[in-house]
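The values are calculated or read from the model by the stated rules, or taken from the named source; none is laboratory data. Here the structure is a predicted model, which means the values were calculated and not measured. Glycine also receives a Cβ, built like all others from the backbone with ideal geometry; neighbour counts cover every protein chain displayed. Protein only, heavy atoms only, side chains kept; ligands, DNA and RNA dropped before computing areas. Shrake-Rupley method; radii C 1.70, N 1.55, O 1.52, S 1.80 Å.
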Amino acid sequence: MTFQLFTPMSIANKTFKNRIVCAPHWTSFNPSASYTDRYIEYLSARAEGGAGWVVTEPMGTTQNSRNEIVEGLRAWEPEVIPNWRELTDRVHSFGAKISLTIGHAGRNASWTETGLPAWAPSPDPSVITREIPKEMSHTDIALLIERISLIAQNGMRAGFDALEMQVTADYLFGSFLSPLTNHRTDQYGGSLENRMRALQEALQLVREKVGDKVLIGFRISVDHMVKGGLAKEDSAEVIKKLKDQGVLDFVSIIVGSYYSLSAITPAMGGPIGLAVKAAKYVRDVAGLPVVVAGRIPTPQHAEDVLAAESADFIAFARPFIADPNWPNKFLAGKAETIYPCIYCNQQCVTRLSQKLPLSCVQNPSTGKEVLLKISTLSGLKDKHICVIGGGPAGIEAAISLHKAGFTVSLIEQSQQLGGRLLLAAGIPGRQEWLNVLMPRIAVMKELDIEVRLDTKADVKLLAKINPDGVIFAVGAEPWKLPQYRGEMNTGLFSKLVAADFSSVDDLIDSQPRNKKIVLIDETGRRSIVALVDWLLELGNQVTAITTFPYLGYPAMILSQEWAIARDTFKKEGIAVYPFTKVTGIDDRGAIAVVNVLSGLPENLGNFDQVVLAFGDKSKDLPSLENYQHWKVGDCASPRDIGAALSDGLRVANIVKAHFSNGANSNG
């Protein structure tokens, strides 16, 4: 079967080798308008991996676009062209086309990042920063449009195939289009014709300056998914008018805004193809090539969208972050080895929310393609490394060590691989965690790595194997002492012993029904909210106690999933006590608490089951003295799955360096 996804398509005078777009997404790799080597390597890896069309992250048009350029070039300066040419040449070398995104964050650009007031059509506060922006004057609008044209000309001369304006969400042009955020009474506000005027004037000037040498398009949130905001009907009308005026060659479609962030980056368990219906509507009305994005997770899902004539191209951001080579793997008949995006948002969305460079749980080498590259070193085949533990860290370590050239044996004492990841995937809506495990098992099979299941790695076994080195990946176990950790620790708050309490692992194993459960959470993780939701579905009454402002804090704010949490907290059978600390649990399970802000005590009564979510502690290791060893994952330090996979990847080069130079590298 030939997938339409992998067939060529032309827009005007440009032919794309396939319908696969690496969508624009922030990376925080570029402090100025010059693309760093890190970014060039990052984007080129996606082109080399099979993308037919690569789109850059937005290039700022003014100093208040998103972040202040303290040092380096600005996008409207012609001196950027040689640097930009490096990127376009690299991408073109892999047969892909490339677009330059030109954008302005509008009212969502904070003065703390730019040093200047934000711009917006009207002085409505940003949903994110709560800052009041400056209402743009006609001079401001003229400057913006002029800068856009200068950047477009630089892009054309640098070899970009297309120019893509940022009209997404309630960024600057999106705010002009939306009646919810544009209250102007001049020619740039009021009617739809007026609200689209600034965008129209920008596109007209760009077309005048670049002609048909490059394609012109924009990426737009056609539905802001908020009452009174931009809707798909108005968006389609704008797109059709601009297409009929000859200033628009294509449109790239998403849905959502800062009022509905979970629609822009749908998370694990969320809806698939949220923008597809809107894309089809626009395509039918406007009659021009359409790109669509928004949690289209697999090639088959993408093919279904194309077959239904809902779009002409499919854009993927997070799937390309997770596995830059997924198109080539699919074409090679190795779809089972694709590392899918798991939509956890833990190191892509979360890190960008923290103003940190992009990374990925599934792919620790994201943005570190050169730094963490594993090359095979000849002469290591006679070095036998034994990996103990078949969870994510151990599996990743086995794969990376094999790629480095070692002979590897993986030993797991249970009857299946996966470790505690299997428990995490057992919660409804969280099954996509298995997408970490299954492709790696397929890769190990492809590489013919020895795996011994149902085998305990004791001193006797290690003596028989006699490895040259040992990787310990034995994980961690839940902390079950009735005692806070860190600054909240005031000693034991109960005389009950660990066996009297349950852990999150215990809950998933036992699947309690119709019980009165209290959950004391100090992890602040997304998984706790998913767990509570599941317990409610099983008919339990759940009381959640946390010293944080709310359950799932801060994870669900940083990952833009707070709207999902709100739905859980509205259900019957749940009571949440934020800013609350447990001060005592008697032998009958009666719980006393205190509000850490007011100091007011309260007795919450008795519960059938008391669950402690206080994090983990590393497991004790077997005898080490006779073997060179390294620790990875939670047995090195209890963290999360992203750390486990990162440790597993990085250990290969550490071990390789040890055997290359003889250094003592015990971890």
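Direction-averaged projected area, Cα convex hull, the stretch 210-276: 5.6 nm², rounded to one decimal.
Treating only the Cα positions of the stretch 522-667 as identical point scatterers, give the base-10 log of I(q)/I(0) from the Debye formula at each q in 0.16 Å⁻¹. So the normalised log intensities are -0.94. When Rg and the Kirkwood Rh are both derived from Cα coordinates, the Rg/Rh ratio for the stretch 6-76 amounts to 1.06. In summary, the lysines within cross-link reach of K373, defined as a Cα separation below 29 angstrom excluding same-chain residues under 8 places away, comprise K17, K97, K329, K334, K355, K381, K383, K403, K445, K631, K656. A straight chain from Q413 to V370 at 0.36 nm per residue would run longer than the Cα-Cα distance by 12.0 nm.
The portion of the accessible surface of the chain made up by carbon and sulfur, rounded to a whole percent, is 51 (1.4 Å probe; DNA, RNA and ligands excluded).
For Kirkwood radius over Cα pairs in Å, the value computed from the atomic coordinates appears in the list (1) 25.9; (2) 27.0; (3) 33.5 under label (2). Relative to the longest principal axis of the Cα atoms of the chain, helix 81-92 runs at roughly 70 degrees.
Estimated from the Cβ-Cβ distance and a Förster radius of 30 angstrom, the FRET efficiency linking T7 and L422 is about 0.20.
Highest average first, the peptides 484-496, 204-216 ordered by how many other beta carbon atoms sit within 10 Å of their residues are 204-216, 484-496. Close amide-amide hydrogen proximity is noted between Q609 and K516, V518, each under 5 Å apart and 5 or more residues distant or on a separate chain (H modeled in the peptide plane; Pro and chain starts excluded).
Each Cα pair under 8 Å and six or more residues apart adds its sequence gap; the mean of these over the residue count of the stretch 167-280 is a relative contact order of 26 percent. Cross-linked pairs K368/K480; K516/K581; K240/K277: Cα-Cα separations exceed 29 Å for K368/K480. On the basis of the beta-carbon distance and an R0 of 45 Å, D608 and K456 show a calculated FRET efficiency of 0.80. In plain terms, the C-alpha convex hull of the stretch 191-327 casts an average shadow of 9.2 nm² when viewed from every direction.
Phi-derived couplings, Karplus 6.51 cos²θ - 1.76 cosθ + 1.60 at θ = phi - 60°, listed residue by residue for the stretch 486-493: x, 5, 8, 6, 10, x, 5, 9 Hz, with x used for Gly and Pro. Computing Rg and the Kirkwood Rh from the Cα coordinates of the stretch 440-498 gives a ratio, Rg/Rh, of 1.23.
Of H402, H224, H183, the order by accessible heavy-atom surface (1.4 Å probe, DNA, RNA and ligands excluded), from most exposed downward, is H183, H402, H224.
Its residue count N sets the reference 2.2 N^0.38 Å, and the alpha-carbon radius of gyration of the stretch 172-264 equals 1.08 times that reference. Each residue of the stretch 468-482 was assigned a 3J(HN,Hα) from its phi angle through the Karplus curve 6.51 cos²θ - 1.76 cosθ + 1.60 (θ = phi - 60°); the sequence is 7, x, 10, 9, 8, 9, 8, x, 9, 9, x, 7, 10, 7, x Hz, with glycine and proline shown as x. Using the Cβ-Cβ distance between A499 and V596 with R0 = 25 Å, the FRET efficiency computed as 1/(1 + (r/R0)^6) comes to roughly 0.30.
Per residue, the solvent-accessible area of the chain (1.4 Å probe, heavy atoms of protein chains only, all protein chains present) comes to 40 Å². In the chain, the longest principal axis of the Cα atoms and the axis of helix 392-404 are about 70 degrees apart. The alpha-carbon positions of the stretch 110-223 define a convex hull whose volume is 113 Å³ per residue. Hydrodynamic analysis of the stretch 383-524 uses the Kirkwood radius over alpha carbon pairs. Inserted into Stokes-Einstein at 10 °C and 1.306 mPa s, it gives a translational diffusion coefficient of 90 µm²/s. Volume of the convex hull of the stretch 289-429 (Cα atoms only), normalised per residue: 171 Å³. Can you classify the stretch 260-341 as rounded, prolate or oblate using the Cα gyration tensor, where a ≥ b ≥ c are the square roots of its eigenvalues, rounded means a/c under 1.5, and otherwise it's prolate if a/b beats b/c and oblate if not? Oblate, because a/c is 1.5 or more while a/b does not exceed b/c. Here the stretch 1-126 is treated as an ellipsoid with the same Cα gyration tensor; its semi-axes, largest first and in whole Å, are 31, 18, 12.
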